[in-house]
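Only one structure is covered here, and it is reproduced in the block below.
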Amino acid sequence: MNSFEIAVLGGDGIGPEVMQAGVAVLEAVDARHKLGLRFSPHQAGAMAYRDTGEDLSEPVFARCRDADAILLGAMGWPGIRRADGTELAPQITLRVRLGLFGGVRPIRAIPGVPLPLSDPRAAKMDFVILRESTEGLFFSKDRGLITHDMAEETLRLTRPTSLALARMAFELAGERATRLGRSGRVTLVDKANVFRAFAWLRDVFAEVAAEHPGIKHDAHYVDAMALDLIRRPWDFDVLPTENMFGDILSDLAAGLIGGMGFAPSADLGADHAVFQPSHGTAPDIAGQGLANPTAMILSGAMMLEWLALRGGGEALREAAAEIRAAVDAAFAAGLRTPDIGGASGTAEVTRRVLAALGG
């Protein structure tokens, strides 16, 4: 029987609340399918920094590195910052130290969730923003040049990481084409009309595109993409992009499907992966039981699929599909969380999703 150790970092604010919901759903499918999931909780984040002086200690990092996958709630808290004024972000530390270059941000309309776009085609939205997560403008984190008269940050793209991102994009488009029964398409999002780095990146993607003749390939300037994600988001499939562009567009895209509470994510590398909701710690509602745990629950489903791709077995993939179907069924039946004008808090969402699972 397979056994998978899952490092659990609940984090700060609503992080532990949504994590409890996500783990409860994973435990339900684990019991049904005998997946062999073992959850190992660890302390990291702003409160850990407050209490210990470290937001991600070396022993906790080692446990994360050695785990089969990492679940992360949300991290950070107002007023708890480093001496230079920057936020505590152990999630970024994990990305860099574990080589998690591929930030997968699925954007899918959930049946029953009110959408801001009135066009009926919006209900069929299903695309992925693939955010490079270790380089780009974020390469400059903690390296920026600051003087009295100027501030300078550096954007860096490297060939190995750019090639890996391109290959991930085309492989993801191919998998989605098979699963969804439609043509796959990779649209690189850049600013190649202004910056030579992005013109170079187009050449890298063109190399990889030649290896995947069955996948359509084009490119879009980031400002035009921000416009077209509002005008016609249903036209897109896989959107790879630089780190900062992906950070911004992911939030915009989450707004198209009801908000951050419905936006799961994964940061993937060659050997490690972190799964977390796209939202933050939401201090204004922390501890009140109001947080929408849907993104955390769906991030757990992404984790199961990743473990299946790594040879964990078909039961993991089946369990992931069951979780998504249960979320869809619960909201299609009228479930409404506070972030979309309803009154069902964290515990009620958990209960309804577990009921839809038959647990």
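Between Leu145 and Ala347, the modelled labels are 5.6 nm apart [label points 7 Å from Cα along Cα→Cβ].
Hydrophobic long helices, here whole DSSP H runs in the chain with Kyte-Doolittle means of at least -0.5 and Cα atoms spread over 30 Å or more along the helix axis, are found at 159-180.
Working ranking of peptides 233-240, 145-152 by packing, defined as the average number of other Cβ atoms within 10 Å per residue, highest first, is 233-240, 145-152. A simple count of charges around Pro90, restricted to other residues whose Cβ falls under 15 Å of its Cβ and scoring Lys, Arg +1 and Asp, Glu -1, yields 0. The slack between Lys191 and Ile80, meaning 0.36 nm per residue of separation minus the straight C-alpha distance, is 36.5 nm.
Compute, for the range 116-256, the length of the dipole vector about the Cα centre, with Cβ point charges of +1 (Lys, Arg) and -1 (Asp, Glu) only. Units Debye, rounded to 20.
Dipole about the Cα centre, nearest 20: 460 debye.
Give me the distance in nm between label points sitting 7 Å out from Cα along the Cα-to-Cβ direction at Glu27 and Glu211, one decimal. Between Glu27 and Glu211, the label points sit 4.3 nm apart. If R0 is taken as 51 Å, the Cβ-Cβ distance between Gln288 and Leu163 corresponds to a FRET efficiency of 0.65. Could you tell me the center-to-center distance, by alpha carbons, between the range 26-88 and the range 234-274 in angstrom? So the separation of the two Cα centres works out to 20 Å.
If we count every other residue with Cβ under 11 angstrom of Asp55's Cβ, Lys/Arg +1 and Asp/Glu -1, where does the sum land? Each step should come with its number before you reach the end.
On the way: positive: Arg50, Arg81, Arg82; negative: Asp12, Asp51, Glu54, Glu87.
After counting each charged neighbour, the total is -1.
Taking other residues whose beta carbon is less than 14 angstrom from the beta carbon of Gln288, and scoring Lys, Arg as +1 and Asp, Glu as -1, yields -4.
Only one residue of Met150, Val104, Ala89 has its Cα farthest out toward the positive end of the dipole of the chain, where Lys and Arg carry +1 and Asp and Glu -1 on Cβ, and that residue is Val104. Computed from point charges on the beta carbon alone (+1 for Lys and Arg, -1 for Asp and Glu), the dipole magnitude for the chain about its Cα centre is near 740 Debye. Note on the chain: antiparallel DSSP beta bridges, both residues inside, total approximately 45 percent of the bridges counted.
For the peptides 315-322, 35-42, 274-281, 83-90, the ranking by packing is 274-281, 315-322, 35-42, 83-90, with the highest mean count of neighbouring Cβ atoms within 10 Å listed first. Spin-label model, Arg50 to Glu318: label points 7 Å out along the Cα-to-beta-carbon direction sit 4.5 nm apart.
Taken together, the values in this text are just the output of simple stated rules run on the coordinates, not laboratory data. Owing to the predicted nature of the structure, the values given are computational and were not obtained by experimental measurement. Cβ atoms come from the backbone with ideal geometry, glycine included; neighbour counts cover every protein chain shown.
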